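The values are calculated or read from the model by the stated rules, or taken from the named source; none is laboratory data. Predicted, not measured: the structure shown is a model, and the values here were computed from it. Here the Cβ is made from the backbone with ideal geometry for all residues, glycine too, and neighbour counts use every protein chain on show. Note: accessible area is taken over every heavy atom of the protein model, side chains too, but ligands, DNA and RNA are not part of it. Shrake-Rupley method; radii C 1.70, N 1.55, O 1.52, S 1.80 Å.
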Amino acid sequence: MLTSPADRYLLAEKAGTEGVWDWDLRAGTLYLSPRFRAFLGLPPSESPGPPDDWLERVHPEDLDWLQAALEGQRGGVALPFHIEHRVRPHVSDDWRWLVCRGMAVCDESQQPVRLVGSVADVTERKLAELQLRRSEERYALAAAASNDGLYDWDLTTGRVYYAPRWTAMLGFEEHAVGDDPQEWLGRVHEEDLIWLTAALDGAGGDGRPFQIEYRMRDARDKERWMSCRGIAVKDAAGTPVRIVGSQADVTDRKLAEQQLRLSEERYALAAQGANDGLWDWRLDQDEVYYSPRWKAMLGYAEDQIGTASCEWFSRVHQEDVDGLRAALDLHLSGERENLQHEFRMHAADGSVLWMLARGLAVRDDSGQPVRLAGSMTDITARKKAEQQLLFDAVHDGMTGLPNRTLLLDRTGLALDRHRRARGKHFALLLIDLDRFKGINDTKGPAVGDLILRTMAQRLEDSRRMGDTLARLSADEFALLLNDVDDVGDALSAARRIAAIVAEPVPLDDHAVVLTASIGVALSATGYDRPEDMLRDAGLAVYRAKQNGRNRVDVFDSTLRRQAMSQMRTEADLRTAVERGQLCLFYQPIVSVLTGRIAGFEALMRWRHPKRGLVSPAEFIPLAEECGLIVPMGRWALQEAVRQLAAWQDRFPRRKPLFMSVNVSSQQFRDDDLLGLVEAVLAEHRIPPSSLKLEITESLLMQDPEKCRELMRAIRDLDVRLSIDDFGTGYSSLAYLQKFPADTLKIDRTFVSAISKGESSAAIVQVITTLAAILNMDVVAEGVETETEAEFLRDIVCTYGQGYLWARPEPAEEAEARLVGESVELGVA
């Protein structure tokens, strides 16, 4: 029976070639198995000893790395470590190489209490690698093409950008090659095309990087060898959308390789163009020839660099040295056919340059490398372009802020951290600039961009370290706010942002002041996906805008229910439009003096199959928001004119009945309103003056010049125009003179207040007098009492509309009212 961990260690050790160790962090003792003790020259012992039994025998150059690996495990690094180091049992002994593997064992609180692992003697392998590096065999240069030509293939559009150098390598003028892929593929040798196509398909299919060589026809129809590298750029979903890379002319290298195969005594240098530095390394003497161009690329004169290999490696970026040496070792050992490796080097002026080294080994009869030669290309520009492409994929092009993709990624990371560690909550703030579109349309996109960049910089300057500010759309920003104790912290941050947005933005001749509607979503709500958190912040913004803008709103479950209800209502409304569930009610507009019906206002109603009549206050704003108001408005105008024609035919009068139809701002702005009016007049043959289109004061101010032109065109048809809710908006005498309106409709708020105060009565009287001066009709809305009607008669108001005379009613009831009036007058 195995009675102790030591027994199990001994059994495991006998089954393999490795020694084992067990470091008790609490007791500070280290157990070493018999084989490990033998590696260290220690006598056999079953008892744990001090860690110095091991550490004192480690090579000084390796001790820091070993201790760093051990300390990393003690500090909570989750992954096991693997490190090679030298040990020497006694001062007189040779150093031996050990490979050590280990990991931490944690207690219930996830604190490391033990470090356990194994060691193996790899001295023979290390000596073999050293011998390999010192071998006297030679190998030849793999030609490195200079001045790579870049390309960028958009997989969405199927268009390819070819850099000027790309076309120049083939002998074409800069603009002689278009952007069709066949400009490239059509010139590839038919025997090589299948391989190039497979490499491109692989990159475009699963995003694999590739490198391939093939033959192409140049401008003189001569065959040239090209080396092409490429990598896929992926979208947020991980789907490749572009293939970017470079193509180099390696014709000279290929010819050199052919000569090398024909004669084992020669090696070729592929030095296409003067921008590549050449090197030739004699491995047995550790002597390297560096061409003048090699030295000049780094900013050194001919005599400033010697012939030792350290002249190269001492200038390689510290983080890239191991990678370069590993690439060399893999090629020299025969595991890779040639050397090709990218790394950074320090130039004479202190700058860091990206280099591409290519090389090929020349081997003796036994296959051992004796020489290594090749070239080095400065690929700094290409690397910067690749880095810029990666940056652009997750950042906003105008402000440089993270975009939606990066924001969602960081929000997802925050959700993961919160689920794992149960740390502090965080919040997502959605910041929507109020009425920015109007400023952008009025001032122009250049000023709009300036304002956005200014806002982005202000918000970025105020951002706390660790928070993320992103730009999501034209006028929408978002802030991922970490370490939020409660909703009060989030609201304080939101108000601070609102104050920053409200600071004036100076322009050339004046300053612009903006406000922001801000929605807040808290992680405490409980989210699985970052998209859901962003959605809920958007719902809070929507409610903030509905409640008057320039305010902060926090998401709650009520908002989600409202949003779902609104979605259902929108779907039902679309169905209502398609299935004819909309109808028109008609409210009489009467002569205040006689009480007779002069016309009607057509008002839209929705007969819902389950809910019955739905209030216009519920579905009209929704229709305007989702764009349904345009087809609904077209139908309402057509139906109202059809009904008016029928009533005018049945109830002829000296002055025909008129019909007022409301026109939304979207109809006025986006629809072919003039063409619609012409069509309905042509179809129903009513007197054009009996049709009145009602527009609001605020609509006139959105685009005054366009409104004036359209109103004049409609007025030229002899169709009348009414300004609805007059007195609640701008109420400017100047625009009354400027716009060709025929009727003013006094808002119900003034009419209903006639009996409550002299000021409201005075306003009604002023509007009536103003209309008379301008030769315009007046309709007082919302008349509900005889007192109000009497006042309107006293001031000679032309028309009235309100519950005093009739509520809005279906066409049948309105028609019955007309029949009754005709009977009273003895007309029927």
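Each residue in region 740-758 was checked for being part of a loop (DSSP other than H, G, I, E, B) and at pLDDT below 80, and 5 pass.
Scanning region 477-502 for residues that are over 15 Å from ASP432 (Cα atoms) and open to solvent by 40 Å² or more (accessible area, probe 1.4 Å) returns ASP483, ASP485, ASP486, VAL487, ASP489, SER492. Number of residues in region 781-793 that are surrounded by fewer than 20 Cβ atoms within 10 Å (Cβ to Cβ), of a type outside the set (Asp, Glu) and assigned to a helix (DSSP H, G or I) equals 2. When region 454-491 is filtered for residues that are in a strand (DSSP E or B) and within 16 Å of THR515 (Cα to Cα), the ones remaining, listed by number, are GLU476, PHE477, ALA478.
A residue that is closer than 26 Å to LYS384 by Cβ, at pLDDT 90 or above and in a strand (DSSP E or B) can be found somewhere in region 308-320. Scanning region 342-362 for residues that are open to solvent by less than 40 Å² (accessible area, probe 1.4 Å) and within 27 Å of ALA385 (Cβ to Cβ) yields PHE343, MET345, ALA347, LEU353, MET355, LEU356, ALA357, ARG358, GLY359. Can you tell me which residues in region 330-339 are surrounded by 15 or more Cβ atoms within 10 Å (Cβ to Cβ) and in a helix (DSSP H, G or I)? Result: HIS331, LEU332.
On inspection, VAL160 qualifies as open to solvent by less than 20 Å² (accessible area, probe 1.4 Å), of a type outside the set (D, E, K, R), farther than 29 Å from LEU283 by Cβ and modelled with pLDDT of 90 or more. Elements of the type helices (runs of 4 or more DSSP H) sitting completely within region 557-654 and holding at least 3 residues that are among the basic types (Lys, Arg) and open to solvent by 50 Å² or more (accessible area, probe 1.4 Å): these cover 557-579, 629-650.
One residue stands out in region 240-279 among those that are open to solvent by 20 Å² or more (accessible area, probe 1.4 Å) and modelled with pLDDT of 85 or more: the one that is farthest from GLU386 (Cα to Cα), namely LEU255.
Say whether the condition of being within 18 Å of SER755 (Cα to Cα), in a helix (DSSP H, G or I) and either modelled with pLDDT under 90 or more than 60 Å from the chain's Cα centre (by Cα) (or both) is met by at least one residue in region 794-805. Looking for residues that are within 18 Å of SER755 (Cα to Cα), in a helix (DSSP H, G or I) and either modelled with pLDDT under 90 or more than 60 Å from the chain's Cα centre (by Cα) (or both), one finds at least one in region 794-805, hence yes.
Checking ALA540 against (1) open to solvent by less than 10 Å² (accessible area, probe 1.4 Å); (2) touching a Pro at 6+ places or on another chain (Cβ under 8 Å); (3) of a type outside the set (S, T, N, Q), only one condition comes out false. Which one? Checking ALA540 against (1) open to solvent by less than 10 Å² (accessible area, probe 1.4 Å); (2) touching a Pro at 6+ places or on another chain (Cβ under 8 Å); (3) of a type outside the set (S, T, N, Q), the one that fails is (2). Within the option set VAL244, VAL160, VAL233, VAL177, being in a loop (DSSP other than H, G, I, E, B) and either touching a strand residue (DSSP E or B) at 6+ places or on another chain (Cβ under 6 Å) or among the charged types (D, E, K, R) (or both) holds for one residue only, VAL177. Inside region 75-98, residues that are within 17 Å of ARG37 (Cβ to Cβ), at pLDDT 90 or above and not charged (D, E, K, R) make up a count of 3. Considering only residues that are open to solvent by less than 40 Å² (accessible area, probe 1.4 Å) and at pLDDT below 90, look in region 668-692 and name the one that is farthest from PHE658 (Cα to Cα). Across region 668-692, the extreme among qualifying residues is ASP671.
Among the residues making up region 54-99, those that are among the β-branched types (Val, Ile, Thr) and in a loop (DSSP other than H, G, I, E, B) are VAL77, VAL91. Consider region 400-449 and keep the residues that are outside any helix (DSSP H, G or I) and of a type in the set (Asp, Glu). The one that is least open to solvent (accessible area, probe 1.4 Å) is ASP434. Pairs meeting the criteria (first residue in region 27-56 and in contact (Cβ under 8 Å) with a residue 24 or more places away in the chain, second residue assigned to a loop (DSSP other than H, G, I, E, B) and hydrophobic (A, V, I, L, M, F, W, C), beta carbons under 8 Å, at least 6 apart or on different chains) are PRO48/ALA27; TRP54/LEU40. Among residues of region 460-480 that are at positive phi, those with a beta-carbon under 8 Å from a residue that is assigned to a strand (DSSP E or B) and among the charged types (D, E, K, R) at least six positions away or on a different chain give the pairs GLY466/ASP483. The residues listed here are ARG642, ARG605, ARG634; of these, the one that is modelled with pLDDT under 95, within 21 Å of LEU673 (Cα to Cα) and in contact with a helix residue (DSSP H, G or I) (Cβ under 8 Å, 6 or more places away or on another chain) is ARG634. Take the conditions (1) open to solvent by 60 Å² or more (accessible area, probe 1.4 Å); (2) of a type in the set (S, T, N, Q); (3) modelled with pLDDT of 90 or more; THR167 misses just one of them, which is (1).
Is there a residue being at pLDDT 80 or above, assigned to a loop (DSSP other than H, G, I, E, B), among the hydroxyl-bearing types (Ser, Thr, Tyr) and farther than 19 Å from ALA104 by Cβ anywhere in region 9-25? No, that holds for no residue. The set of residues in region 77-89 that are surrounded by 14 or more Cβ atoms within 10 Å (Cβ to Cβ) and farther than 23 Å from PRO43 by Cβ comprises VAL77, PHE81, ILE83, GLU84.
Within region 655-667, work out how many residues are out of contact with any strand residue (DSSP E or B) (no Cβ under 8 Å at 6 or more places or on another chain) and crowded, with 22+ Cβ neighbours inside 10 Å. Lay out the reasoning, then the answer.
First, the residues of region 655-667 that are out of contact with any strand residue (DSSP E or B) (no Cβ under 8 Å at 6 or more places or on another chain): 656, 664, 666-667.
Remaining after also requiring crowded, with 22+ Cβ neighbours inside 10 Å: 667.
Number of matching residues: 1.
Looking at region 668-724, the helices (runs of 4 or more DSSP H) lying wholly inside it that each contain 1 or more residues that are in contact with a Leu (Cβ under 8 Å, 6 or more places away or on another chain) sit at 673-684, 704-716.
Any residue that is under 30 Å from LYS126 (Cβ atoms), outside any loop (DSSP other than H, G, I, E, B) and open to solvent by 60 Å² or more (accessible area, probe 1.4 Å) - is there at least one of those in region 291-307? Scanning region 291-307, I find no residue that is under 30 Å from LYS126 (Cβ atoms), outside any loop (DSSP other than H, G, I, E, B) and open to solvent by 60 Å² or more (accessible area, probe 1.4 Å), so the answer is no.
Within region 112-133, can one find any residue that is farther than 15 Å from GLY19 by Cβ and assigned to a loop (DSSP other than H, G, I, E, B)? The answer is no; no qualifying residue exists.
Within the set of pairs 6+ apart or on separate chains, which have a first residue in region 303-328 that is closer than 17 Å to TYR289 by Cβ and in contact (Cβ under 8 Å) with a residue 40 or more places away in the chain, a second that is in a helix (DSSP H, G or I) and open to solvent by 30 Å² or more (accessible area, probe 1.4 Å), and C-beta atoms under 9 Å apart? Listed pairs, sorted by first residue: LEU328/ARG133. Tally time: how many residues in region 90-118 are within 25 Å of ALA27 (Cα to Cα) and surrounded by 11 or more Cβ atoms within 10 Å (Cβ to Cβ)? So the count comes out to 15. Among the residues of region 170-213, how many are among the aliphatic types (A, V, I, L, M), open to solvent by 70 Å² or more (accessible area, probe 1.4 Å) and within 31 Å of the chain's Cα centre (by Cα)? Residues that pass the stated criteria total 0.
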